[in-house]
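Report on one structure; see the data block that follows.
Derivation of every value follows stated rules applied to the coordinates shown; laboratory data play no part. Keep in mind it's a predicted model, so treat the numbers as computed, not measured. Here the Cβ positions follow ideal geometry from the backbone for every residue, glycine too, while neighbour counts run over all protein chains shown.
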Amino acid sequence: MIGFTIRDMNEADLPYVIEIEQSSFDFPWSRNMFIDQLMLRDIALKLVAVHEGTVMGYVIVWLEGKDSHILNIAVGEEWRGKKIAKGILDAVIARSLNSGCNRIYLEVRKSNSYALDFYKRNGFSVIGEEEGYYEETGENALILELVIV
């Protein structure tokens, strides 16, 4: 396993984050969407996984009362399969618990079997489905949850 650290995302990380975003998703977030998240101080976790100064992956999470809502998470293609996503998820769990949350949830494209397998391996369960959630394609989203009490 490669050693890496998880730290708060800052504006200097954005070129790397955006590169990962664009290579990971057919409909990537814009730079302005990430800037908007960086401006949210109290309700959002913005974390990056870093190895020797290189951003390997990131996550954006909203803290909503007792819930943590993962909005966006990705790992750079060259870093996949090296437990980076697991490390990022573990950091989200720890920080969510420290913030008084007892549940983490997210939406995943129904067709994204790789992500669904990852979340299920890490204790998430499918609790619902949202029809037409993804505006670009009309694809349904599965809603997943992890109870972390």
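For residues that are closer than 11 Å to Val92 by Cα, buried (at least 17 other Cβ atoms within 10 Å of the Cβ) and touching a strand residue (DSSP E or B) at 6+ places or on another chain (Cβ under 6 Å), tally how many sit in segment 49-74. Explain how you work it out, then say what you get.
Taking segment 49-74 and keeping what is closer than 11 Å to Val92 by Cα, we get 58-63, 68-70, 73.
Filter once more, so that each one left must be buried (at least 17 other Cβ atoms within 10 Å of the Cβ): 58-61, 63, 68-70, 73.
Keeping just the survivors that are touching a strand residue (DSSP E or B) at 6+ places or on another chain (Cβ under 6 Å) gives 58-61, 68-70, 73.
Of the residues in that region, 8 qualify.
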Check your understanding: When segment 2-41 is examined, which residues are found to be over 14 Å from Leu71 (Cα atoms), in a loop (DSSP other than H, G, I, E, B) and under 14 Å from the mean Cα position of the chain (by Cα)?
Key -> Met9
Exercise for review: Scan segment 13-30 and give yes if some residue there is under 25 Å from Gly123 (Cα atoms) and without any contact (Cβ under 8 Å) to a residue 24 or more places away in the chain, otherwise no.
Suggested key: no
**Study point:** Count - residues of segment 42-70 that are over 18 Å from Asn10 (Cβ atoms) and under 14 Å from the mean Cα position of the chain (by Cα)
**Key:** 5
Review point. Does any residue in segment 133-149 that is more than 14 Å from Ala115 (Cα to Cα) come within less than 7 Å, Cβ to Cβ, of a residue that is hydrophobic (A, V, I, L, M, F, W, C) and surrounded by fewer than 16 Cβ atoms within 10 Å (Cβ to Cβ) six or more places away or on a different chain, and which pairs are these?
Key: Glu136/Phe27; Ile148/Leu97
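Can you report the number of residues in segment 107-119 which are without any contact (Cβ under 8 Å) to a residue 24 or more places away in the chain and either within 15 Å of Ile70 (Cα to Cα) or surrounded by 12 or more Cβ atoms within 10 Å (Cβ to Cβ) (or both)?
First, pick out the residues of segment 107-119 that are without any contact (Cβ under 8 Å) to a residue 24 or more places away in the chain: 112-115, 117.
Retained after the next criterion (residues that are either within 15 Å of Ile70 (Cα to Cα) or surrounded by 12 or more Cβ atoms within 10 Å (Cβ to Cβ) (or both)): 112, 115.
The total comes to 2.
Within segment 73-109, which residues are part of a helix (DSSP H, G or I) and β-branched (Val, Ile, Thr)? If you could, list the steps in order and put the result at the bottom.
Taking segment 73-109 and keeping what is part of a helix (DSSP H, G or I), we get 77-79, 84-98.
Ile84, Ile88, Val92, Ile93, listed by residue number.
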